[in-house]
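Take a look at the structure set out below.
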């Protein structure tokens, strides 16, 4: 499936099929490739089960098959998005805790104390012979 999704032309064909089914001829009209070039890409998508084909007389109707894409997303994308959203939620909580008035005054006090200590150390070092 990854090989099928790797090609930008095949991804464009899948994007076009999201709007609804289309014949091979209609898909070929919208691309700079020849009809045979589009058919080659459609065969790769069909082999990857991303495309369902229904033949009606002389026409081949192509349908997007979203099931493999959903499985791919569930297996490879959702675990990463869940981890990222957990990290963002933890960051939001940490920022909200820091934004409370009590923690803000405590932070300001600790910064002031650090600056004072630093200034005293610097002045002692300068006063030494």
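Rg and Dmax of segment 2-65, based on Cα coordinates, read 10.5, 32 Å. For segment 2-65, relative contact order (Cα pairs under 8 Å, six or more residues apart, normalised by length) works out to 36 percent. With a Förster radius of 41 Å applied to the C-beta separation of residue 52 and residue 97, the computed FRET efficiency comes to 0.20.
Residue order for 45, 69, 17, fewest other beta carbons within 10 angstrom first, comes to 69, 17, 45. Calculated FRET efficiency, residue 40 to residue 74, Cβ-Cβ distance, R0 = 35 Å: about 0.75 to the nearest 0.05.
Rule-based calculations on the coordinates, nothing more; no lab input. Just so we're clear, the structure is a prediction, and the values are computed from it rather than from any experiment. Positions of Cβ are backbone-derived with ideal geometry, glycine not excepted, and every protein chain shown enters the neighbour counts.
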